[in-house]
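The next block holds one structure in the form of structure tokens; read it before the comments.
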Amino acid sequence: MDKLLIEGGLKLRGEVTISGAKNSVLPILAATLLTEDACIIKGVPDLRDTNTMLKILKSLGKAVEFDKGVVIVTQAKNANYVADYKLVSTMRASFCVLGPLLARLKKAKVSLPGGCIIGVRPVDLHLKGMRALNSQIDIESGYVLAKTQKLKGANIYLGGEYGSSVLATDNVMMAATLASGRTVLESAACEPEVHDLAEFLIKMGAKIRGHGTPIVEIEGVRELHGAEHKIIPDRIEAGTFLLAALITGGDVIIKNVFAKHLGAVIDKLQESGACLDICDNSIRIRHRKHLSPTNITTLPYPGFPTDMQAQIMSLMAVTEGISVITEKIYPDRFMHVAELNRMGAHIQREGPHAIVSGVKCLSGAPVMASDLRASACLLLAGLVAGGKTSISRIYHLERGYENIEEKFRNLGARIWREKE
Ligand code: UD1
């Protein structure tokens, strides 16, 4: 296993180009199961999660080629309807093969993804949606067994205790594209990645309206065909680099970014005192002399993303004054608090809140990554801390950030990898 070493204290300067969005590419790859035709996906980030999804597609009968950011998916052999535990358990997004398999093959056997370090993460909304579309769902030996004579459109309320669900919206929307009649999803997730998936499905011949809003209408069609699509930029990667520039007092131009997808993050950074120049496809961020503390509450899009909560905590940790974080999507997503405190931060957790008392400086320390975004948070803390930080278990980081060391090194960071 590798660990990441960072020598902090350098201001980041230069340009960085953002990769395609992880949370778009995973369901879009799953959507290729809706046709036997070839699909071409461009702007695909080379991530551990992407490669896991490609393995799953292969296990389900697809052939895949992945070269220089382009994935070509074709039918290799007879479609298989069983998504195995070994693959699904490593990545929750793989559960969204359920909808496409059920829609095309009328049956699916998909391992339950299980919980993870950031919370329990149930799939009840996915299953509610599939049942509403006229399928029978049973749980047996850790697998979801789904079958249907014929999927039928329905009105489905998809809101849960914590608001809308991104992957449940993706999953049910994909199944509904081939159901007979009209489906209306209420309280659908509005995340840009759901919109991107719907755009791909429309290119495949699906009839979808209202995607990107809480009410999505899908008029089922008999079949879908192959399509070509380019993945939107990763707003969470872009947000992570915005914070990296700010926390180090740097001056960075972020390229291939849609600022409209980062409204809540940009608003908070401006409130903190960052200077941002926003253009069509790029954002320049510079540091002002004094940053102010701020409060955030994570919410479904267009609210502040839970996937940026850990990273902004690093900024708050070194911003003098009191900042408060309220986590409304995953109330237990605070594994990074203890690690930041080991680096000299003063953060107290109270249920779904973290109260951050900013300190003047952090000090480098050996820390452990617990999940993808917590790893990014520790990396940011390492960039600003005095001395050396070593982050172990960085395979989490590889799940969601393409060429991360190279991108940071190009901005002037001292960061390298060593065997543990
Ligand atoms: C997606 C993102 C993940 C992000 C999350 C929230 C992908 C691949 N992953 O995950 O990076 O952190 O959205 O923005 O797109 N819930 C239920 N029942 C369900 C499904 C979800 O109660 O059936 C709850 C979850 O526990 C959570 C909330 O709903 O509290 C939102 O989760 P959801 O949007 O489903 O997250 P994912 O789609 O798994």
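Amide H contacts of Lys230: Lys42, each under 5 Å away and 5 or more positions distant or on a separate chain (H built 1.01 Å from N in the peptide plane; Pro and chain starts excluded). DSSP beta bridges confined to the chain are antiparallel in about 70 percent of cases. At q = 0.23 Å⁻¹ the log10 of I(q)/I(0) for segment 268-316 amounts to -0.99, computed by Debye summation with a single uniform scatterer per C-alpha, solvent ignored.
Please go through the residue pairs Lys106/Lys128; Lys289/Lys328; Lys42/Lys255 and name each one whose alpha carbons sit more than 24 Å apart in this structure.
Numbers: Lys106/Lys128 17 Å; Lys289/Lys328 32 Å; Lys42/Lys255 17 Å.
Check vs 24 Å cut-off fails for Lys289/Lys328.
Remark: the Cα gyration tensor places segment 233-277 in the oblate category, a/c being 1.5 or greater and a/b not exceeding b/c.
From the Cα gyration tensor of segment 330-383, with a ≥ b ≥ c the square roots of its eigenvalues, which class applies: rounded if a/c is under 1.5, or else prolate if a/b is larger than b/c, or else oblate? Kindly include the intermediate steps, with their values, before the conclusion.
On the way: a/c = 2.16, a/b = 1.17, b/c = 1.84.
Oblate, because a/c is 1.5 or more while a/b does not exceed b/c.
With +1 on each Lys and Arg Cβ and -1 on each Asp and Glu Cβ, and nothing else charged, work out how big the dipole of segment 22-230 is about its Cα centre, in Debye to the nearest 20.
Working: 26 positive and 21 negative charges, 109 e Å.
With Lys and Arg at +1 and Asp and Glu at -1, about 520 debye.
Can you pull out the trypsin sites (Lys or Arg not before Pro) in segment 48-130 that DSSP calls coil and that have at most 14 other Cβ atoms within 10 Å? It would help to have the intermediate numbers written out before the result.
Details: sites: Arg48, Lys55, Lys58, Lys62, Lys68, Lys77, Lys86, Arg92, Arg104, Lys106, Lys107, Lys109, Lys128; in loops: Lys68, Lys77, Lys106.
Answer by residue number: Lys68, Lys77.
Sparsely packed loop sites in segment 248-321 (the trypsin sites (Lys or Arg not before Pro) outside DSSP H, G, I, E and B with at most 10 other Cβ atoms within 10 Å) comprise Lys289.
Proximity of backbone amide H atoms, modeled 1.01 Å from N, is registered between Val144 and Val110, Ser111, Leu112 at under 5 Å, excluding neighbours fewer than 5 places apart on the same chain.
Going out from 0 in 20 Å bins, what whole percent of all Cα-Cα distances in the chain drops into each bin? P(r) over the chain, rounded to whole percents: 28, 55, 17, 0.
A straight Cα-to-Cα reach below 15 Å connects Lys407 with the aspartates and glutamates Glu15, Asp46, Asp234, Glu237, Asp251, Glu398, residues fewer than 8 places away in its own chain not being considered. Restricting segment 146-204 to trypsin sites (Lys or Arg not before Pro) that sit in a DSSP loop and have at most 10 other Cβ atoms within 10 Å of their own Cβ leaves nothing.
The listed peptides 354-360, 397-403, ordered by packing as a protection proxy, come out as 397-403, 354-360 (highest mean of other Cβ atoms within 10 Å first). Residues whose amide H lies under 5 Å from that of Tyr157, counting only those 5 or more places away or on a different chain, are Glu186; hydrogens are built 1.01 Å from N in the peptide plane.
From the helices alone, meaning DSSP H stretches of at least four residues, give me the mean residue ellipticity at 222 nm for the chain, per-run term -39500 (n - 2.57), in deg cm²/dmol to the nearest 500. List each step's numbers first, then the result.
Working: 14 runs with 130 residues, N = 420.
Calculated at 222 nm, the ellipticity per residue is -9000 deg cm²/dmol.
Segment 22-230 has equivalent-ellipsoid semi-axes of 22, 19, 17 Å, by the square roots of 5 times the alpha carbon gyration tensor eigenvalues, sorted largest first. Please state the shape class of segment 118-193: rounded when a/c is under 1.5, otherwise prolate if a/b exceeds b/c and oblate if not, all from the C-alpha gyration tensor. Because a/c hits 1.5 or more and a/b fails to exceed b/c, segment 118-193 counts as oblate.
Reported to two decimal places, what Rg/Rh ratio describes segment 21-146 when computed on Cα atoms with Rh from the Kirkwood expression?
Details: Rg = 14.1 Å, Rh = 14.8 Å.
My calculation puts Rg/Rh at 0.95.
Where a number appears in this text, it was derived from the coordinates with a stated rule and is not lab data. Keep in mind that this is a model prediction, so the values were computed, not measured. Cβ sites come from the backbone with ideal geometry, for glycine too, and all protein chains shown count toward neighbours.
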